[in-house]
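Student: Sharing a structure below in structure tokens format, with a few things to ask.
Bear in mind these aren't lab numbers, they're just calculated from the coordinates by the rules spelled out. Just so it is clear, the model here is predicted, and its values are computed rather than measured. Glycine gets a Cβ as well: all are built from the backbone with ideal geometry, and neighbour counts include every protein chain shown.
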Amino acid sequence: LVVAKPKRVIFNPGTESMESKRQFEAAGILTEEACTLVMLETGQF
């Protein structure tokens, strides 16, 4: 995923990984711990 250079990576509840988060952030990729269903419903996605 780091090679794909997404703007952000969302970790849904229960999928958090500190190692992955560090790797993404080191590559300049924003990370967020949130529920994508809630984000969609509230216009945050």
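Student: Rounded to the nearest 20 Debye, what is the dipole magnitude of the chain about its Cα centre when Lys and Arg each give +1 and Asp and Glu each give -1 at the C-beta?
Tutor: Dipole about the Cα centre, nearest 20: 240 debye.
Student: At 222 nm, what value in deg cm²/dmol follows for the chain if DSSP H runs of at least 4 each add -39500 (n - 2.57) and the sum is divided by all its residues, to the nearest 500?
Tutor: Calculated at 222 nm, the ellipticity per residue is -8500 deg cm²/dmol.
Student: Please say if the chain is rounded, prolate or oblate, where rounded means a/c under 1.5 for a ≥ b ≥ c the square roots of the C-alpha gyration tensor eigenvalues, and otherwise the choice is prolate for a/b larger than b/c and oblate otherwise? Could the numbers behind the result be given before it?
Tutor: On the way: a/c = 2.85, a/b = 1.61, b/c = 1.77.
The shape class here is oblate.
Student: Given a cut-off of under 8 Å on Cα pairs at least six residues apart, what relative contact order in percent is computed for the chain? Please report the intermediate quantities before stating the final value.
Tutor: Working: 41 pairs, mean separation 20.0, N = 45.
Relative contact order here is 44 percent.
Student: If you stretched the chain out fully between Met39 and Glu19, how much longer would it get, using 0.36 nm times the residue separation minus the C-alpha to C-alpha distance?
Tutor: 4.8 nm
Student: I would also like to ask the following. Using label points projected 7 Å from each Cα along Cα→Cβ, tell me how many nm separate Asn12 and Leu30, to one decimal.
Tutor: 2.1 nm
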